[in-house]
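Peer 1: Can you keep this structure in mind? I'll have questions shortly.
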Amino acid sequence: MKKDFLALTDWDKGELDQMFALAADLKARQKRGEPHRLLEGKTLAMIFEKSSTRTRVSFEVGMVQLGGHALFLHSGTTQMGRGEPIKDTGRVMARYCDGIMIRTFSQEAVEELARWSDAPIINGLTDMYHPCQLMADLFTVIEHKGHYDGLTFAWIGDGNNMANSWINAAAVFGFKLQVATPVDYRPDTTVMQRAADLGADISYTADPLVAAAGADVLSTDVWASMGQEEEAEKRRQAFTGYQLNTETVGRAKDDAIVLHCLPAHRGEEISDEVIESPQSVVFDEAENRLHIQKAIMATLMG
């Protein structure tokens, strides 16, 4: 029976820990120059309705390293751009390809694609969730801290798809999460309620310094995501004071690490000083998109 990777809460902690272990093994094998062609001859369709740098390159390179092939499909140059129902696209692509990764706006569209496709679906990003990025983030934490158990994580900024994904992660993995957003930009209420029902240890505040206090890991994202460009100036005003800078990082533990999923608007949600500091593991985090996604693809398509 096929399984999809649509949101972290679709998987249990043990299954996701196995992906971390596989990612570590695949990364080590790559660094040693050892072949690891676990998807020999297989093909991944990559459907993009949103622009991308890291998602496209990491999935495409990952498939090559696993011995397979990736097809880049921009919705504007396919029949989806002319109104073909996503359920039709899903059924056809599943007859050509061994897996489908989609990066789009609507979580509902990804879920519909998964309902109709016989091939496994990977959520490369929606407005609701970014599970592959969150897995890369936690894999980076494991590399630098040795584990995630007992750590305190802080999310500071917009209550966007990354905030929702961190909330899901806290519910699945059981770590403590401190979230700071402006009152009008809180995470999705359904996501917050489900995490509360699962007993997640999450606190919410409008004060970024409160959220940063005692944190082992600090994370943020841009204030205006793709599709919100017209709100950029309004959001800059609303998020004044929510920057990851030396003052905010100074409230965390001395050995805290800093994450950002990139691209970064330096001088807005994060200062240049912090992103270039020894505490920043941002570029390890970006590299780890490759390794964790290879583990996800191998798990689903292998």
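Peer 1: What net charge is computed for the residues neighbouring Phe139, neighbours being all others with C-beta under 13 Å from the C-beta of Phe139, Lys and Arg scored +1, Asp and Glu -1? It would help to have the intermediate numbers written out before the result.
Peer 2: On the way: positive: Lys27, Lys145, Arg289, Lys294; negative: Asp17, Asp25, Asp137, Glu143, Asp284, Glu285, Glu287.
With Lys, Arg at +1 and Asp, Glu at -1, the net is -3.
Peer 1: Follow-up question, since we're still on this one. For the stretch 181-249, what does the alpha-carbon gyration tensor say about shape, rounded, prolate or oblate, given a ≥ b ≥ c as the root eigenvalues, a/c under 1.5 as rounded, and a/b over b/c as prolate?
Peer 2: Note, shape of the stretch 181-249 comes out oblate.
Peer 1: Using only Cα atoms, find the angle between the long axis of helix 161-173 and the longest principal axis of the chain, and express it within 0 to 90 degrees, rounded to the nearest 10.
Peer 2: Value to nearest ten degrees: 90.
Peer 1: Could you tell me the distance between the Cα centroids of the stretch 78-117 and the stretch 210-231, to the nearest Å?
Peer 2: The stretch 78-117 and the stretch 210-231 have Cα centres spaced 30 Å from each other.
Peer 1: Also: Subtracting the Cα-Cα distance from 0.36 nm times the residue separation, let me have the gained length for Ala196 to His69 in nm, one decimal. Numbers along the way, then the final one.
Peer 2: Details: separation 127, 0.36 × 127 = 45.72 nm, distance 4.08 nm.
Residue separation times 0.36 nm, minus the Cα-Cα distance, leaves 41.6 nm.
Peer 1: On a 0 to 90° scale, report how tilted helix 86-96 is relative to the longest principal axis of the chain, with both axes built from alpha carbons and the result rounded to the nearest 10.
Peer 2: It is inclined by approximately 60 degrees.
Peer 1: How would you order 70-78, 217-225 from highest to lowest mean count of nearby Cβ atoms within 10 Å? Present the calculation step by step, with values, prior to reporting the outcome.
Peer 2: On the way: 70-78: 15.6, 217-225: 24.6.
Ranked from most to least packed, the peptides come out as 217-225, 70-78.
Peer 1: Divide by every residue of the chain the summed helix terms, -39500 (n - 2.57) for each DSSP H run of at least 4, and state the resulting mean residue ellipticity at 222 nm, rounded to the nearest 500 deg cm²/dmol.
Peer 2: The helix contribution divided over the chain gives -13000 deg cm²/dmol.
Peer 1: Also, quick follow-up: Compute the normalised compactness of the stretch 133-285: alpha-carbon radius of gyration over 2.2 N^0.38 Å, N being the residue count.
Peer 2: That ratio works out to 0.95.
Peer 1: Starting from the 7 Å offset along Cα-to-Cβ, what nm value, one decimal, do you get for the label separation of Glu40 and Thr77?
Peer 2: 3.2 nm
Peer 1: Below 15 angstrom from the Cβ of Ala70, what's the summed charge of the other residues (Lys, Arg +1; Asp, Glu -1)? Before the final figure, lay out the partial values.
Peer 2: Numbers: positive: Arg37, Lys42, Arg54, Arg56, Arg103, Arg289, Lys294; negative: Glu40, Glu60, Asp98.
Result for the local shell: +4.
Peer 1: By a straight-distance test (C-alpha under 23 Å), which lysines pair with Lys145 as possible cross-link partners, with residues fewer than eight away in the same chain excluded?
Peer 2: Lys13, Lys27, Lys31, Lys176, Lys253, Lys294
Peer 1: I've got another one for you. Assuming 1.567 mPa s and 4 °C, estimate D for the stretch 1-157 with Stokes-Einstein, Rh taken as the Kirkwood radius over Cα pairs, in µm²/s. Spell out each step's value before the answer.
Peer 2: Numbers: Rh = 16.7 Å.
D = 77 µm²/s.
Peer 1: In addition: Which residues' amide hydrogens lie under 5 Å from the amide hydrogen of Gly99, considering only partners 5 or more residues apart or on another chain, with H built in the peptide plane?
Peer 2: Long-range HN contacts for Gly99: Thr43, Ala45.
Peer 1: Could I ask something else about it? Tell me the label-point distance for the pair Val183, Ser277, using the 7 Å Cα-to-Cβ offset, in nm and rounded to one decimal.
Peer 2: So the label points at Val183 and Ser277 sit 3.0 nm apart.
Peer 1: Something else now. Give me the extension gain from Lys253 to Gln18: residue separation times 0.36 nm, minus the current Cα-Cα distance, reported in nm with one decimal.
Peer 2: Extra length available between Lys253 and Gln18 comes to 81.7 nm.
Peer 1: Okay, next question. Can you give the alpha-carbon Rg of the chain over 2.2 N^0.38 Å, where N counts its residues?
Peer 2: With N residues counted in the chain, Rg over 2.2 N^0.38 Å equals 0.97.
Peer 1: Can you give the extra length, in nm with one decimal, that the chain gains between Lys31 and His147 once fully stretched, where that is 0.36 nm per residue apart less the Cα-Cα distance?
Peer 2: Answer, rounded to one decimal: 39.6 nm.
Peer 1: Which aspartates and glutamates have a Cα lying under 16 Å from the Cα of Lys42, excluding residues fewer than 8 positions away in the same chain?
Peer 2: Cα-Cα hits under 16 Å: Glu60, Asp98, Asp118.
Peer 1: Moving on to the next point. Using the Cα centre as the reference, give the magnitude of the dipole from point charges on the C-beta atoms of the chain (Lys, Arg: +1; Asp, Glu: -1; all else neutral), rounded to the nearest 20 debye. Mind dumping the intermediate values first?
Peer 2: Numbers: 30 positive and 44 negative charges, 196 e Å.
Using Cβ point charges on Lys, Arg, Asp and Glu, the chain gives about 940 debye.
Peer 1: Enter the angle in degrees (range 0 to 90, nearest 10) between the Cα long axis of helix 107-116 and the first principal axis of the Cα atoms of the chain, meaning the one along which they spread out most.
Peer 2: Result, in degrees: 30.
Peer 1: Of Tyr148, Ala196, Asn160, which is farthest on the positive side of the dipole of the stretch 133-285, counting Cα position, with +1 on Lys and Arg Cβ, -1 on Asp and Glu Cβ, and the Cα centre as origin?
Peer 2: Ranked along the dipole, the leading option is Ala196.
None of the figures in this text is laboratory data; all of them are computed from the coordinates on show. The structure displayed is predicted, hence computed values, not measured ones. Methodologically, a virtual Cβ is constructed for each residue, glycine included, from the backbone with ideal geometry; neighbour enumeration extends over all protein chains shown.
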